[in-house]
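See structure below.
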Amino acid sequence: MKFVAASVLGLSLVLANPAASAAAVPAPHAAAPTPAHVKAVQDLLATMQVEKVLRSVAARSRYASEAQRQAVFARIGQTPPAEVARRLAPALAPSISADTAAEMTRFYQTPYGKRVLHEKYNSSAQIQMPGMKPVVPPEEKKERKRAAYVKASKELADAAPLIEREAFKLLQKILAEKR
């Protein structure tokens with residue numbers, strides 16, 4: 001129990017940082033989310049591999065010992081990815097529209113979207129020489145210019161601080177739960 005209390009205290013100190021709490025949070029949409037809307041957001045979060053955001057939040061936290069850090073990651077590892085998406089979806093649905101969830105789920109299921117996710121979570125240092133531009137295939141250029149994608153991508157980017165905050169709250173709940 002001391003471990004859980006120390007973990008929750010340590011993680012709560014991360015949010016006490018003024019820079020972290022000053023992050024802009026998008027305004028929620030006017031209507032309360034319907035079950036279909038929450039399900040669409042849940043599908044998006046699962047496709048986005050949101051459980052990796054939870055791991056990222058835990059990785060940025062400070063721990064009293066390496067054993068405590070390993071215990072936190074073991075606890076996260078015991079939580080199925082679908083459970084993480086299911087638990088985060090209701091809190092995020094007011095800030096992510098059903099249209100955005102559907103469009104970004106579609107996008108992340110394309111080969112280009114899968115590559116974007118892979119690079120986001122598995123990126124390594126890359127050397128970029130001055131004047132070099134990444135080669136973007138024509139189908140990817142076309143995808144980036146679609147109006148629905150542009151709008152959905154912006155809305156999802158605006159919701160990123162909220163996703164991080166809700167992942168932090170979920171991490172605290174997971175650590176506080178008895179197994």
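The values are calculated or read from the model by the stated rules, or taken from the named source; none is laboratory data. Please read all numbers here as calculations on a predicted model, not as lab measurements. No Cβ is skipped: glycine too gets one built from the backbone with ideal geometry, and neighbour counts run over all protein chains shown.
Residues being under 16 Å from the mean Cα position of the chain (by Cα) and either modelled with pLDDT of 95 or more or assigned to a helix (DSSP H, G or I) (or both): count how many of those fall in segment 24-38. Reasoning before the result, please.
As a first pass, look at segment 24-38 and keep what is under 16 Å from the mean Cα position of the chain (by Cα): 24-26, 38.
Within this subset, residues satisfying the condition of being either modelled with pLDDT of 95 or more or assigned to a helix (DSSP H, G or I) (or both) are 38.
Of the residues in segment 24-38, 1 are under 16 Å from the mean Cα position of the chain (by Cα) and either modelled with pLDDT of 95 or more or assigned to a helix (DSSP H, G or I) (or both).
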Discussion item. Quick check on this structure: which one of Ala89, Ala102, Ala93, Ala85 is surrounded by 12 or more Cβ atoms within 10 Å (Cβ to Cβ) and more than 22 Å from Lys169 (Cα to Cα)?
Written reply: Ala102
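Would you mind listing the helices (runs of 4 or more DSSP H) fully within segment 39-143 where at least 3 residues are at pLDDT below 90 and of a type in the set (Asp, Glu)? Step through it out loud before you land on a result.
Numbers: elements: 51-60, 66-77, 81-92, 98-108, 111-122.
So the answer is none; nothing clears 3.
Picking from Lys133, Lys173, Lys141, which residue would you name as being within 24 Å of Pro33 (Cβ to Cβ), exposed (fewer than 13 other Cβ atoms within 10 Å of the Cβ) and over 14 Å from the mean Cα position of the chain (by Cα)?
On the way: Lys133 fails: within 24 Å of Pro33 (Cβ to Cβ); Lys141 fails: within 24 Å of Pro33 (Cβ to Cβ).
Every option except Lys173 fails the conditions.
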Worksheet item: Is there any pair with a first residue in segment 89-118 that is under 17 Å from Asp158 (Cα atoms) and a second that is polar (S, T, N, Q) and part of a helix (DSSP H, G or I) whose Cβ atoms are under 6 Å apart and which are 6 or more apart or on different chains, and what are they?
Response: Ala89/Gln42; Thr105/Thr47
Worksheet item: How many of the residues making up segment 144-179 are of a type outside the set (Gly, Ala, Ser), out of contact with any Asp or Glu (no Cβ under 9 Å at 6 or more places or on another chain) and in a loop (DSSP other than H, G, I, E, B)?
Response: 3
Discussion item. Please determine whether any residue of segment 148-163 is among the charged types (D, E, K, R), modelled with pLDDT under 90 and buried (at least 16 other Cβ atoms within 10 Å of the Cβ).
Written reply: no
